[in-house]
Amino acid sequence: MAAAIETINLTKTYKTRGGARVDVVDNLDLHVEEGEIFGFLGPNGAGKTTTIKMLLGIIYPTSGEGFVLGKEIGDMDVHRLISYLPEKPYYYEHMTGMEILRFYASLFGIKDDEKCQRLLEKVNLASDATKTISQYSKGMQQRIGLAQSLLNDPKLLFLDEPTGGLDPIAHIEIRDLILQFREEGKTCFISSHELSDVERICDRVAIINKGRIAAQGPLDELLKGGRIEITANGLEEPFAHSFRDTLPSAIVSFSHGRLILDVPDEIDINPILDAIRDKNGQVASVIPRRKRLEDLFVETISEDDPKRAREDAARKKEESK
Amino acid sequence: MRVILSIASTTVGEAIRRRVLLIILLIGVLFLAVAPGLTVLSARQERTVLIGMTLGIIQLTSAVIAIVLTVYMIPNEIERRTIYTILCKPVQRWQFLVGKYLGAVAALGLMMALMTIVLVLVFALQQGVQQMDQLVLLAKAPAMFFVQMSLLAAVAIFFSTFVSPLVNFFLSGGLYLVGSLFNSFFEVISSNPNSPALAKGFATFANTILPNFANYNVQNPIINPGQIIENESIYYVRVTIYGLLYIGILLVGGIVIFDRREV
Ligand SMILES: Nc1ncnc2c1ncn2[C@@H]1O[C@H](COP(=O)(O)OP(=O)(O)OP(=O)(O)O)[C@@H](O)[C@H]1O
Ligand SMILES: [Mg+2]
């Protein structure tokens, strides 16, 4: 299968007020297959929106290359085949839902009221077609945005936080719409903080941190390796804390004699249980948990941050020499 | 072309709903309506003074509208991220900029047409309908003002591609004042053989490079003393072509900057 999106060393550098240069997107190598739902994840300020804007030709890369549907970024022919739902968008407030769709359709040279009507129905706005955008709620604005992004039957959709600010029902509706896009053979590139949604619908994900990829791959591969949560009562604090040294991969929490130990499932837990019983602790529960995207995310970022800090320190040292 | 027209018509729709513009327009119209009551001169003088005054009101109001309308146009699109939803479609940046400009000019035209209608009504009420042909002649000055304001809007759009709205407000406003008040002054210096070379050079330079807004103040011989108009219609055509050329240059400059710019 062909790549829908491919970037090679894509980099965007901004100058700060102080004159320092910050690589907001730093040698990014992304690979998105046609027909898949791709989750683009990362903490606030990681560079997700900046990357999307570069792929759309709204801002220009400082260096590196990017290809969208096989063409170099900025190619106008590609703009007929893609669409973009920006984060926190704002549409012309004086226009009605129907007028907005007509306007965006005209930018593609499309004149088709029936299609606009169908799209309004698709996003559940048919009965609000004559209200102006200023009368729309946040969720309705997000849905009109989704409708306008479907006007050209795009092959590739860029959705930047498509469910931001939506209620749970609207959330599910949008999730279902995105799944429907995959059925129709469209590629979806989704930036989102809703990890449970991403986990449910995405085929592959990339987690970026400070402009660099910290993890990228098929979701089921990345989520290999679950965790086990052990809860035990009647223990002393020093003993509980000793696990921090003996089990570096464990997350230890302790309060009022209760120890909660969260360990990777590849560890043999019998010695742990024995040790607890030796100290006269009572094991209250042992709960195996399959790995969640949330765990992967926190793990990836918390491993990546010190690594980046070390690299930065090393580079500084190198520079000062 | 469709794309440009779509963007332009949407811009008109937005502009004629902007409260601040409507308020400025309303103030202008109010002044026009009460202007006849403000003069205490003999009937003969009154007419000349009144014409000068009302045309002045139209010109000032239009200039303020032209600047306020255009300095925020591009920055607002960027701040509200509406521009992203447009530029990710098959829309080139130049199409966007030209569409925005044409929309601004159309909105400006609508508002100026409204003021001109009020002007004609005021005179018709005051002096009777029997002088209708004279009233139509009155509307010629606003037509020239429209070319002037289109040029002013192009100046503001050009600056809006790289300076903030506030700076732009003073830049465009300042250029308008200099271009309409000092142009004849520059002309005098540059054509006077006795003026120092440096001043002469500067005046010639300023006179050539700055948009000559004074061209369009045809009704005002006080501001434009040197202007001897032998053939009126040729003069109108000439300054209109000058305006269009200048607008074209400004738009091309704006596009070149806007194309490279991050939005
Ligand atoms: N025009 C700009 N000039 C300077 N810095 C910028 C500019 N635009 C973005 N940045 C910086 O780039 C970084 C990445 O921003 P970006 O919007 O891409 O983050 P994001 O991953 O989308 O975050 P979020 O999840 O909060 O939406 C931020 O630190 C931001 O401050
Ligand atoms: Mg973002």
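What follows is calculated from the coordinates using simple rules that are stated; it is not laboratory data. Since we're looking at a predicted model, the values are computed, not measured. Cβ coordinates were reconstructed from backbone atoms using ideal geometry, including for glycine residues, and neighbour counts include every protein chain displayed.
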For A:Lys210, A:Lys131, what ranking results if the residue with the fewest other Cβ atoms within 10 Å of its Cβ goes first? A:Lys131, A:Lys210
Chain B: calculated mean residue ellipticity at 222 nm from DSSP helix runs of at least 4, using -39500 (n - 2.57): -26500 deg cm²/dmol
Considering just Cα atoms, how many Å³ per residue does the convex hull of the range A:1-123 enclose? 150
May I ask you to derive the relative contact order of the range A:125-194, considering only C-alpha pairs under 8 Å and at least 6 residues apart, and to give it as an integer percent? 36
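What's the Kirkwood radius of the protein assembly as shown in Å, using all Cα pairs? Mind dumping the intermediate values first?
Numbers: mean 1/r = 0.0347 Å⁻¹.
Hydrodynamic radius (Kirkwood, Cα pairs) of the protein assembly as shown is 28.8 Å.
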The Kirkwood hydrodynamic radius of the range B:19-125, taken as the inverse of the mean 1/r over all distinct Cα pairs, in Å, comes to 15.9
Debye, to nearest 20: dipole size of chain A, +1 on Lys, Arg Cβ, -1 on Asp, Glu Cβ: 900
Compute the angle between helix A:293-320 and the longest alpha-carbon principal axis of chain A, please, reported from 0 to 90 degrees and rounded to the nearest 10. 90
Within a Gaussian network of chain A (alpha carbon springs, distance under 10 Å), most fluctuating of A:Ile100, A:Ile208, A:Ile172: A:Ile172
Furthest towards positive pole of dipole, A:Phe158, A:Gln216, A:Ile190, structure part the range A:148-295, Cβ charges: A:Gln216
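Relative contact order for the range A:58-139 using alpha-carbon pairs under 8 Å, separation at least 6, rounded to a whole percent?
On the way: 48 pairs, mean separation 23.4, N = 82.
Reported as a whole number, the value is 29 percent.
Filter the cross-link list A:Lys122/A:Lys186; A:Lys12/A:Lys155; A:Lys88/A:Lys111; A:Lys48/A:Lys291; A:Lys53/A:Lys186 down to pairs whose alpha-carbon distance in this structure exceeds 22 Å.
Working: A:Lys122/A:Lys186 16 Å; A:Lys12/A:Lys155 26 Å; A:Lys88/A:Lys111 27 Å; A:Lys48/A:Lys291 24 Å; A:Lys53/A:Lys186 20 Å.
The answer is A:Lys12/A:Lys155; A:Lys88/A:Lys111; A:Lys48/A:Lys291.
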Computed magnitude of the charge dipole of the protein assembly as shown (debye, nearest 20; Cβ of K, R +1, Cβ of D, E -1): 2100
With no solvent and one point on each alpha carbon, what is the Debye value of log10 I(q)/I(0) for the range A:103-188 at q = 0.17, 0.19 Å⁻¹? -0.72, -0.91
Relative to the longest principal Cα axis of chain B, at what angle does helix B:232-260 sit, 0 to 90 degrees, rounded to 10? 20
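Let me know the whole percent of all Cα-Cα pairs from the range A:151-245 that are separated by more than 15 Å.
Details: 3196 of 4465 pairs.
For the range A:151-245, the fraction of Cα-Cα distances above 15 Å is 72 percent.
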Computed over the Cα atoms of the range A:164-321, what is the ratio Rg over Rh, Rh following Kirkwood? 1.09
Starting from the Kirkwood Rh over alpha-carbon pairs, what translational D in µm² s⁻¹ does chain A have by Stokes-Einstein at 10 °C and 1.306 mPa s? 71
Just the ratio, please: alpha-carbon radius of gyration of the range A:227-289 over 2.2 N^0.38 Å, N its number of residues. 0.97
Average Cα contact separation per residue, chain A, under 8 Å, 6 or more apart, as relative contact order %: 18
Per DSSP, loop trypsin sites (Lys or Arg not before Pro) in the range A:1-73 with at most 14 further Cβ within 10 Å: A:Arg17
Helix B:197-209 axis, angle to chain B major axis (alpha carbon atoms, nearest 10°): 70
The range A:57-73 and the range A:237-259 have their Cα centres apart by a whole-number Å value of 49
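Work through the residues other than A:Val25 whose Cβ is under 12 Å from its Cβ and net out their charges, Lys, Arg +1 and Asp, Glu -1.
+2
Could you give the alpha-carbon Rg of the range A:63-214 over 2.2 N^0.38 Å, rounded to two decimals? Provide the component values of the computation, followed by the final result.
Values: Rg = 15.8 Å, N = 152, 2.2 N^0.38 = 14.8 Å.
This ratio for the range A:63-214 stands at 1.07.
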Give the average over all directions of the projected area of the C-alpha convex hull of the range A:1-57, one decimal, in nm². 4.6
Proximal aspartates and glutamates relative to B:Lys200, as straight alpha-carbon distance under 15 Å, when same-chain residues fewer than 8 apart are discounted: B:Glu187
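If each DSSP helix of 4+ residues adds -39,500 (n - 2.57) and the sum is divided by the residues in chain A, what number results at 222 nm, nearest 500 deg cm²/dmol?
Working: 11 runs with 118 residues, N = 321.
One gets -11000 deg cm²/dmol as the mean residue ellipticity at 222 nm.
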Could you run the Karplus curve 6.51 cos²θ - 1.76 cosθ + 1.60 with θ = phi - 60° over the range A:10-25 and give me ³J(HN,Hα) per residue in whole Hz, x for Gly and Pro? 5, 9, 10, 10, 10, 8, 8, 4, x, x, 6, 9, 10, 7, 5, 10
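Roughly what % antiparallel, to the nearest 5, for the DSSP beta bridges in the protein assembly as shown? Display every interim value, and only then the final one.
Numbers: 40 of 57 bridges.
Antiparallel: roughly 70 percent of the beta bridges in the protein assembly as shown.
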Taking amide H atoms as placed 1.01 Å from N in the peptide plane, list the residues 5 or more away in sequence, or in a different chain, whose amide H sits under 5 Å from that of A:Glu161. A:Ser191, A:Ser192
Can you tell me what share of the DSSP beta bridges in the range A:3-220 is antiparallel? A percent to the nearest 5 is fine. 55
Could you tell me whether chain B comes out rounded, prolate or oblate from its Cα gyration tensor? Rule is a ≥ b ≥ c as square roots of the eigenvalues, rounded for a/c under 1.5, then prolate if a/b exceeds b/c, otherwise oblate. oblate
